[in-house]
Amino acid sequence: MAETAVSFASQHVLPKFLEAVKMLKDLPKEVADVTDELENFQDFIRDAYKVAEVEKDHNRRERIRKRLIRLREAAFRMEDVIDDYVTCDEKQPEDPRCAALLCEAVEFIKTQIHRLQIAYQIQDVKSLVRAERDGFQNHFPTGSRSDGTRGNENFTWQKLRMDPLFIKKDEVVGFEEDIDTLKKWLTEGREERTVISIVGMAGLGKTTLSKQVFDQVHTDFECHALITVSRSYTVEGLLRDMTNKLCKERREDPPRDVATMDQMSLIEEVRNRLHNKRYVVLFDDVWNETFWDDIELALIDNKNGSRILITTRDQKVVDFCKKCLFFEVHKLQPLSNSKSLELLCKKAFGNGFHGCCPKDYEEAFGNGFHGCCPKDYEEVGLDIVRKCGCLPLAIVAIGSLLYRKCKSPSDWGLFSQHLSLELESNSELDCVKKILSLSYDDLPQNLRSCLLYFGLYPEDHEVKCGRLFQQWIAEGFVKHERGRNLEEVAEQHLMELISRSLVLVSSFTPEDKVKACHVHDSIHEMIRGKMKTTGFCHYINDFESSGIFRRLTMATSSYDLSGTSEGSQYVRSILIFTNEVLSEEFTKYLLAKYMRLKVLDFEFAALYDVPENLGCLIHLKYLSFRNTSIRSLPKSIGKLKNLESLDVRTNRVIEVPKEITKLRKLRCLFGYRISTIAVKDSLGKLTSLEKMHELRIDEDGVVIRELGKLNQLRDLRLSNFMGHHSDILCSSVNKMQLLERLDIILQYLSEPIPIDLHITSSLSKLRKLHLVAFLKEFPSWIPRLQNLVKLSLKLSMLNNIPLKSLGNMPNLLILSFDSGSYEGETFHFENGEFQKLKELRFKSLHKLRSIFIDSGALQSLEKLHMFDIPKLKAVPSGIQHLRKLQVLDVFYMPTEFQKRIDPETGEDHWIIKHVPDVLVDLNFKNQQMYDLGKNIFMEVRFYTYQGVFF
């Protein structure tokens with residue numbers, strides 16, 4: 001019997017055991033192989049899509065598409081098995097105190113069993129991929145892989161050029177006459193309110209033209225607002241947007257109840273803000289023909305030359321606007337051949353192109369230029385722009401491709417031939433779509449995914465770059481590069497898409513970095529088409545859901561989650577965009593159904609509670625509850641061992657459970673006010689943290705010592721700080737060699753005690769410093785911060801600020817002296833100081849009497865803000881020397897000051913007359929407001945600051 005057992009073991013059990021051991025040993029190599037194979041397989045799938053696109057026979061095309069779904073499913077399974085391996089390989093015991101041999105042995109066995117299961121899954125998926133690839137190739141041969149050049153080996157990739165991120169006046173081509181006409185209509189003529197419509201097909205440049213004109217004339221009006229109109233807008237949403245924009249323009253807070261106002265209340269709010277004011281409002285990209293009926297009542301006619309500018313591609317919108325008694329229509333036409341060629345050359349020859357010739361090419365071509373293009377390029381260039389239908393959007397996209405791929409006239413010729421093959425339809429609209437598709441095909445895989453991600457957002461949605469970067473990172477589109485952090489790599493990806501004219505910039509930071517971005521509606525349409533065919537994402541705004549897809553955008557909470565969907569098992573990301581209340585039952589079911597999520601974004605959703613089953617999302621990397629109404633996080637969040645970014649920036653203090661310290665991969669922890677009560681003695685375990693704000697310091701200051709263990713921090717923002725903890729804080733900050741931003745906000749006391757911040761570290765990477773604290777003296781280490789870009793002081797009560805030392809800082813761009821920061825009476829900016837400073841702010845300085853600016857100081861200043869300085873009654877001497885000054889804001893200043901700059905009678909108006917944009921608040925405070933006690937004033941300002949301004 002024993003011999004039989006031994007024989008059976010040697011013949012059956014032992015080989016299986018040895019096979020398992022070998023599979024476990026080879027598992028890392030197998031994972032690496034399947035990772036490489038995944039990239040090749042994705043290339044194969046892209047070629048298979050091209051086969052489907054060119055297939056003319058409907059039945060055969062449908063069969064190809066069914067096969068494509070199978071290919072896509074196989075690719076998804078490859079990605080999943082790789083994710084499972086990563087999760088298993090990094091798995092740690094639940095209890096780190098579990099050091100007993102038996103416990104370790106059990107954990108080891110469980111992990112090895114899981115790894116063995118993954119090894120078998122890899123074998124299965126590799127077989128599946130081979131079978132699907134061979135099956136498709138046998139039935140529908142793809143031929144050699146195409147990359148958009150159809151085999152042209154002479155095309156060369158060039159170094160990324162950093163085009164200007166916005167279109168400057170001198171870079172606009174072909175709109176000179178249009179701009180002159182529209183400016184005349186906007187600023188001259190009748191006193192009655194007038195509607196001006198710009199109408200034309202997609203890609204003609206309506207938005208570019210309207211924004212150029214708007215930017216040039218808006219300073220002629222008392223009020224102005226630029227509104228991008230969503231195709232599926234609501235009247236309330238539109239009016240709410242107008243209210244917010246008008247408030248922002250006046251540097252005012254919107255009404256507290258603006259989010260809940262009904263339509264009539266919002267109309268009244270807008271009318272009140274426009275009453276007796278000459279205004280201009282730009283409504284960009286209007287689709288709904290009844291749009292004028294929706295907004296007419298809000299746009300009061302003050303009989304003072306107010307104007308409404310509307311862009312649309314639909315003539316019906318224009319016809320409907322004719323109901324207004326006074327209107328003008330400007331029909332935008334395609335560019336002329338010569339202007340089209342000029343625009344093409346601007347994009348194709350890069351930054352050096354100016355006037356009629358590219359500077360970079362002058363030496364090479366000498367006198368070979370003819371008109372706006374090198375002579376050898378002219379004929380083929382004209383051929384290309386004709387194929388683009390002389391549409392700016394198409395020309396810009398093609399020009400970006402030529403810059404990267406074509407250097408010689410022969411390259412241009414080959415490109416033109418290939419373009420002819422792609423553009424089979426004579427329809428101008430199809431031409432734009434196909435050209436945009438060519439630009440998409442020209443992208444490397446990771447950038448394709450980055451571009452497609454804009455399709456998860458609604459049309460015309462402004463996407464904040466910080467949010468987008470963290471999502472890209474969680475999705476795996478951004479990889480580590482030596483010498484750069486992940487956000488810097490993500491930023492480079494975005495800049496690449498911008499330079500290719502596929503993504504547009506919505507706004508900039510004061511450092512001229514992209515703050516928010518969006519895509520043109522034609523590109524958004526192209527992206528949505530690609531999403532449907534590739535399974536990249538499915539957009540749910542009704543009750544329909546079918547097919548295999550990787551991501552979900554939910555624009556409704558009415559979607560029936562209980563129904564079975566063939567694609568639900570493959571969903572890895574969900575973004576919620578709905579104003580409907582998300583019930584606890586809906587959220588709980590959502591988490592249970594999609595347990596393999598990597599990205600879950602509830603931003604702005606009506607969410608009040610987070611269910612305990614959040615912990616089942618063990619693959620989750622990005623989780624956002626920003627601007628929701630949640631009060632706390634469940635303890636189960638400690639199970640999200642792969643979580644890298646957590647955003648709890650809500651309108652209340654968030655209590656985080658102690659279990660959050662188990663998240664050893666957490667890089668970003670965002671919140672407006674994060675309580676440290678539960679984690680104050682264990683926060684130091686989050687050793688991967690790079691960004692954390694805003695952390696409320698506990699009274700005993702224990703958490704400050706824990707911060708010293710977080711030496712990867714790049715962004716740290718602290719509030720409720722108490723002066724007697726300054727030594728501990730300085731000790732902790734001295735250990736943070738990677739710090740790029742530091743905010744320290746002192747807890748307000750009725751009798752503030754001055755503190756001494758004695759930081760000895762070089763803080764060589766620090767770029768932004770915000771101090772809200774009563775200081776003994778100006779910190780001597782600040783002028784030594786060679787890379788500091790922004791410095792903001794508040795409540796520091798300093799009698800002496802070393803402007804000379806600050807003026808020599810090499811990279812300082814923004815300087816803010818906020819409420820109570822300076823107790824002196826004079827600021828003197830001497831000759832040669834602050835040569836790079838772009839923005840200077842003075843706010844609520846109650847003892848300041850005079851500001852002097854020497855002729856050689858502040859020579860790069862673009863924005864100057866003066867807010868609530870009751871004793872400053874004379875205009876700062878020297879403003880007339882600031883030739884680059886673009887914006888001057890004067891708010892809540894004394895009556896005498898405002899009279900001196902009055903354009904009609906002011907004796908000092910000549911000092912500021914060269915500034916293009918001067919904003920003066922005429923409703924200044926009653927002088928009695930300045931007589932309030934200083935402590936009361938500081939307290940009010942401080943708490944306002946905590947919630948709104950900083």
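Each value in this text was obtained by applying a stated rule to the coordinates, not by laboratory testing. None of the values given here were measured: they were computed from a predicted structure. Every residue, glycine among them, receives a Cβ derived from its backbone with ideal geometry; neighbour counts consider all protein chains shown.
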>> Could you check segment 210-244 and list, in sequence order, the residues that are within 22 Å of residue 329 (Cα to Cα), surrounded by 23 or more Cβ atoms within 10 Å (Cβ to Cβ) and in contact with a helix residue (DSSP H, G or I) (Cβ under 6 Å, 6 or more places away or on another chain)?
In response: 213, 225
> Hey, among the residues in segment 824-850 that are outside any strand (DSSP E or B) and of a type in the set (Asp, Glu), which one's farthest from the chain's Cα centre (by Cα)?
Replying inline: 825
>> Residue under question is residue 637, and the condition is that it be among the β-branched types (Val, Ile, Thr) and surrounded by 22 or more Cβ atoms within 10 Å (Cβ to Cβ); does it hold?
In response: yes
>> Looking at 877, 860 in this structure, which one is more than 23 Å from residue 771 (Cα to Cα) and under 30 Å from the mean Cα position of the chain (by Cα)?
In response: 860
> Is it fair to say residue 290 is surrounded by fewer than 21 Cβ atoms within 10 Å (Cβ to Cβ), over 30 Å from residue 920 (Cβ atoms) and without any contact (Cβ under 8 Å) to a residue 12 or more places away in the chain?
Replying inline: no
> Are any residues in segment 851-902 part of a strand (DSSP E or B), out of contact with any helix residue (DSSP H, G or I) (no Cβ under 8 Å at 6 or more places or on another chain) and within 18 Å of residue 822 (Cα to Cα), and if so, which ones?
Replying inline: 851, 852, 865, 866, 867
> Does any residue of segment 776-798 turn out to be buried (at least 22 other Cβ atoms within 10 Å of the Cβ) and of a type in the set (Ser, Thr, Tyr)?
Replying inline: yes
>> Please go through segment 202-249 and give me each residue that is over 22 Å from the mean Cα position of the chain (by Cα) and in a strand (DSSP E or B), ordered by number.
In response: 223, 224
> So which of 316, 322, 303 ends up being more than 25 Å from residue 204 (Cα to Cα) and surrounded by fewer than 17 Cβ atoms within 10 Å (Cβ to Cβ)?
Replying inline: 303
> Among the residues of segment 430-454, which ones are within 19 Å of residue 79 (Cβ to Cβ), in a helix (DSSP H, G or I) and not aliphatic (A, V, I, L, M)?
Replying inline: 445, 446, 448, 449, 450, 453
> Could you say whether any residue in segment 720-730 is over 31 Å from the mean Cα position of the chain (by Cα) and either polar (S, T, N, Q) or within 27 Å of residue 470 (Cα to Cα) (or both)?
Replying inline: yes
> (1) part of a helix (DSSP H, G or I); (2) within 19 Å of residue 327 (Cα to Cα); (3) among the charged types (D, E, K, R): which one isn't true of residue 285, the others all being true?
Replying inline: (1)
> Going through segment 116-143 one residue at a time, which ones are touching a residue at least 40 places away in the same chain (Cβ under 8 Å), closer than 20 Å to residue 53 by Cα and part of a helix (DSSP H, G or I)?
Replying inline: 132, 133, 135, 136, 139
>> Tell me whether segment 804-823 contains one or more residues that are in a loop (DSSP other than H, G, I, E, B), under 28 Å from residue 754 (Cα atoms) and more than 35 Å from the chain's Cα centre (by Cα).
In response: yes
